């Protein structure tokens, strides 16, 4: 299965003529994930994602209208289309309560199992494990409890140093033991320590989503060296004070974060409708960091995992 993300909604607060509210489709490791669910998401899935209704999970970063208003309609459409497969909804507790209220209010008897997972917005949390990837949420600094999402490949913890195998003429059982994290006996009472024979391979951080947040000023090892990062950039520096007041970042601040954390490629989104063109965001960000792209509805980005 191909691995990619598609931008479904890249506007902040309210939709515009060309942009819907926040929503992204992520396909990694056999999972089909909707990240945030702004108004109009059903149409965007139909328009931009092949078999877009075959979601396995929905991740909601926080309980603001432009990130959740598409949820009830999407769930009801699943029902009308005869969905049978379970669907996991990962969201702050207030969102889960709101969704349950909507289902009860409209007296909809869901024909599929809707599993609720409460999102911890105060600390890092492994929210689910894929075949090869861990999906980790992390706290953000918004005006309401909010979390981002990271897809991190489980790394090889004990990778053999090839020179050691030849130097000590290690056999298959000894190599297996070392790869399992054990020390091994070489004979005559000599012990080969694991940390002398192996090294840890850092996990690949493929994708991260930073939803609405004030700038994250402190370096985070969790978010270092991410290949593809979507970072909200609601305003430019001309409205930096408003950005701080409303719990958002500017394009410049997003670029500073990407530079600090050695991001391979930064994608800007969640643009305020005050600005006519996203080019102003791109100009501001590229003055700080050169690997930046501005998102638009329908943009599909494929990546190797």
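General observations
- Conditions (1) under 24 Å from residue 32 (Cβ atoms); (2) out of contact with any helix residue (DSSP H, G or I) (no Cβ under 8 Å at 6 or more places or on another chain); (3) surrounded by fewer than 15 Cβ atoms within 10 Å (Cβ to Cβ): number failed by residue 153: (3)
- Tabulated pairs, the stretch 95-108, first in a loop (DSSP other than H, G, I, E, B), second surrounded by 17 or more Cβ atoms within 10 Å (Cβ to Cβ), C-beta under 8 angstrom, 6+ apart or interchain: 106/72; 108/75
- Taken across the stretch 200-213, residues that are surrounded by 14 or more Cβ atoms within 10 Å (Cβ to Cβ) and more than 17 Å from the chain's Cα centre (by Cα) do not occur at all.
- The residues of the stretch 235-276 that are farther than 14 Å from residue 214 by Cα, part of a loop (DSSP other than H, G, I, E, B) and touching a residue at least 60 places away in the same chain (Cβ under 8 Å), listed by number, are 272, 273.
- Test result for residue 131, touching a helix residue (DSSP H, G or I) at 6+ places or on another chain (Cβ under 9 Å) and either over 30 Å from residue 245 (Cα atoms) or not in a loop (DSSP other than H, G, I, E, B) (or both): no
So that you can scan it fast, the table gives a plain yes or no per residue for (1) crowded, with 23+ Cβ neighbours inside 10 Å; (2) in contact (Cβ under 8 Å) with a residue 40 or more places away in the chain; (3) within 29 Å of residue 134 (Cβ to Cβ); (4) touching a strand residue (DSSP E or B) at 6+ places or on another chain (Cβ under 6 Å):
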residue: 5; (1), (2), (3), (4): yes, yes, yes, yes
residue: 21; (1), (2), (3), (4): yes, yes, yes, yes
residue: 29; (1), (2), (3), (4): no, yes, yes, yes
residue: 36; (1), (2), (3), (4): yes, yes, yes, yes
residue: 40; (1), (2), (3), (4): no, no, no, no
residue: 45; (1), (2), (3), (4): yes, no, yes, no
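- If you go through the stretch 265-298 and pick out every residue that is within 20 Å of residue 67 (Cβ to Cβ) and surrounded by fewer than 17 Cβ atoms within 10 Å (Cβ to Cβ), you end up with 4.
- Filter result (out of contact with any strand residue (DSSP E or B) (no Cβ under 7 Å at 6 or more places or on another chain) and under 19 Å from residue 219 (Cβ atoms)) within the stretch 262-289: 262, 288
- Residues located in the stretch 7-17, provided they are in contact (Cβ under 8 Å) with a residue 60 or more places away in the chain, farther than 12 Å from residue 299 by Cβ and either under 12 Å from the mean Cα position of the chain (by Cα) or part of a loop (DSSP other than H, G, I, E, B) (or both): 12, 13, 14, 16
- The listed residue being farther than 29 Å from residue 247 by Cα, surrounded by fewer than 21 Cβ atoms within 10 Å (Cβ to Cβ) and modelled with pLDDT of 95 or more, out of 106, 53, 116, 101: 53
- Among residues of the stretch 214-223, those that are surrounded by 13 or more Cβ atoms within 10 Å (Cβ to Cβ) and within 21 Å of residue 158 (Cα to Cα), counted: 1
- The stretch 68-79: number of residues that are surrounded by fewer than 18 Cβ atoms within 10 Å (Cβ to Cβ) and within 11 Å of residue 112 (Cα to Cα): 2
The values are calculated or read from the model by the stated rules, or taken from the named source; none is laboratory data. This structure is a prediction, so every number in the text was calculated from the model and none was measured. Every residue, glycine among them, receives a Cβ derived from its backbone with ideal geometry; neighbour counts consider all protein chains shown.
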